[in-house]
Amino acid sequence: MTDQLIIFDTTLRDGEQSPGASMTRDEKLRIARQLERLRVDVIEAGFAASSNGDFEAVKAIANHIKDSTVCSLARANDRDISRAAEALKNAPRARIHTFIATSELHMEKKLRMTRDQVFEQAKQAVRFARNLVGDIEFSPEDGYRSDPDFLCRVLEAVIAEGATTINIPDTVGYAVPELYGEFIRNLRQRVPNSDKAVWSVHCHNDLGMAVANSLAGVKIGGARQIECTINGLGERAGNCSLEEVVMAVKTRKDYFDLTLGIDTSQIVPASRMVSQTTGFVVQPNKAVVGANAFAHASGIHQDGVLKARDTYEIMRAEDVGWSANKIVLGKLSGRNAFKQRLQELGIGLESESEVNAAFARFKDLADRKSEIFDEDIIALASDESVTSEQEHYRLLALSQHSETGERPQASVVFTAGEVEYKASSDGNGPVDASLKAIESRLNTGAELVLYSVNAITSGSTESQGEVTVRLQHGGRVVNGVGADPDIVVASAKAYLAALNKLHAKLERVAAQG
Ligand code: KIV
Ligand code: ZN
C-alpha cells in the first residue's frame, strides 16, 4: 500500500453548504488559487449542476488551476454528470465525484427507492461518468449508517464500472474513531476488487470527532485520501478540518508514517482568506490557526518556551504560516510596490482595473493608518468594491454623532444600482443608527442574526475592524464582511455586502436534498 496521503479539499463545495458561507465565482477562484499554493491534491470546486453560478465557478477554477486536480460533485444521474464534465472540460486534471445515498433511512425516506434501484443507478452513473472523465470518485451518502452487506455489493459494482476512488462519508457525524476505522478496514477486506481504488474518508463534526475519525479511517482502515475543509467549514458543525488533520499527520509522522504534498506554510494564509471571505470567524483557541494557538500566557510556559521552545510547542508557528505582523507598506509606497506585495501574498487580482481599485483603497487606508500589514492588504483585496463588478449596493459616505447622554445619530449615503440615496436615523449606538438609516430607505425586511467585530491585526487600537453581518431573509442566510479603521463604517460596508449577496438571488439544489 502506498504511503502517499491524498488531501482532498472540499471548502468550496461542502464548506460552502454552511448557511451564510456562499461565495461568488471570483471569491471561489481566489480561494482555489490559495488551495493550489497550499498544494492540496484535489480541489472540489463545487456542484456544477446545482446552479448556473456554481457551474461558472467550477468552470473558472478548471480553467485556471494547473497543479491540483479539479473536481465537481454530481448526483448519480446523467444530467448532473454531463454538467460536471462540461464545467471541467478545460481542467488539466479533472475528477467527477458522484454520489447516491445507501442507508435504509435515506433510501426509503429521502430517495423513495429500493436497494436494487439504488444499486443500478450507482452502477449506471459510474459507467456514464467513466466515459467522460478517467478519474471517478463514488460516495455512498450516509455510508457509515448503511448496511455493510449492501454497501459491499454496491462498492464492488462501482469499482468494476471504473470508479477510481471510493469515499465513505459519515454524513451526519455519528461515527467514533475506532468503529469508523474498523468499518473502512472491513469494507476493504470484503470488497473483492478493493485494491483497484483509493479509499477515502469524509467525516462531519457533529460530535466533534471529524478529525479523529478521519485519522482512524487512515490508520486503522487503510484509507489514503482525507476529505476536509479549511477551518473545518461546513454544514452544521462542519467537516474535518484540513489544518488539524494535516498537522497531526505531519507532527506525528513517527506514528502515521505517511507522506503529504502540502506546503504547510500556506495554512494560515488559507485560513485567513476563507474566514475573511465567508465571515466565519476562527475561534481564538482553534488548533493550528486560532490566534492563541501559539500564544503562551502563563509565566511558567513563557519561561519554558524562552529556554527551549519544544518544552511547550510541538509545532513551529512559522511552519504553518504564522509570521510576526510585518509592516509592509506605508503612505509613500507606490503602485508597483503594492502590486508586488499582492503577488507575494498570492493575491491574483484579475484585471488591471481591480489592481487600480485596490491601490486606490490602499492609498485611502494609508492616509488614515500609518502602518499597513499583510492582513490589511488581504482584507483590502477581498473588498467587494475592488473585486466585484456586479456590486449593487455601495457605500459612498457615512457620518455619525454620538455623545454621552444623547441618542446617537447617523447619516449614510449609498447607491443601489444607479440610484443614490441619503438616509438618516437615530439608534441605540452609532452602528445601530447607521444600519437603521440604510434599512429606512431599502426596507429589505432582512433579519440580522449575527453581528461581530474583530481587529484584523492585533495589538493596537489603530487596527482595522473587520465586521461580519449575517442576514436571514426568505429562507436564505448570507454573510457580509466589511473592513475599515472606523468600525461604524466597517459595519455599514458589511451590511451592504450582505444585502448584495441577498440581491444576487442564487438558486441552488441542495447536495444532500
Ligand atoms: O457528507 C456527505 O455525505 C457528502 C457527500 C455528498 C459526499 O458531502
Ligand atoms: Zn459532506
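Most tightly packed first, judged by the mean number of other beta-carbon atoms within 10 Å of their residues, the peptides 42-52, 355-365, 219-229, 331-341 read 42-52, 219-229, 355-365, 331-341.
Every Cα-Cα pair in the chain was counted, and those over 39 Å apart are 28% of them. Computed from backbone phi with θ = phi - 60° and the Karplus coefficients 6.51, -1.76 and 1.60, the 3J(HN,Hα) list for segment 114-121 is 7, 4, 5, 5, 5, 4, 5, 5 Hz; x is used for glycine and proline. In the chain, the calculated helix contribution to ellipticity at 222 nm averages -11500 deg cm²/dmol per residue, counting -39,500 (n - 2.57) for every DSSP H run with n ≥ 4. For the chain, give me the percentage of DSSP beta bridges that are antiparallel, rounded to the nearest 5 percent. Bridges in the chain are about 50 percent antiparallel. For segment 400-406, the Karplus equation 6.51 cos²θ - 1.76 cosθ + 1.60, evaluated at θ = phi - 60°, returns couplings of 8, 9, 9, 8, 3, x, 10 Hz by residue, with Gly and Pro reported as x. 3J(HN,Hα) couplings calculated from phi for segment 45-57 with the Karplus curve 6.51 cos²θ - 1.76 cosθ + 1.60 (θ = phi - 60°) are, in sequence order, 7, x, 10, 3, 7, 6, 6, 5, x, 5, 4, 5, 5 Hz; Gly and Pro show x.
Once the Cα atoms are used to define both axes, helix 242-251 deviates from the longest principal axis of the chain by about 70 degrees.
Taking each of K28/K501; K28/K253; K66/K250; K331/K501; K109/K196; K219/K253 in turn, the alpha-carbon distance tops 21 angstrom for K28/K253; K66/K250; K331/K501; K109/K196. V281 sits among other residues whose Cβ lies under 14 Å from its own Cβ, and their net charge, with Lys and Arg +1 and Asp and Glu -1, is +1.
Each Lys and Arg adds +1 at its Cβ and each Asp and Glu adds -1 at its Cβ; summed about the Cα centre, the chain shows a dipole of about 640 debye.
Since every read-out is calculated from the coordinates, none of them should be taken as a lab result. The structure presented is a predicted model; accordingly, all values stated were derived computationally and were not measured. Glycine also receives a Cβ, built like all others from the backbone with ideal geometry; neighbour counts cover every protein chain displayed.
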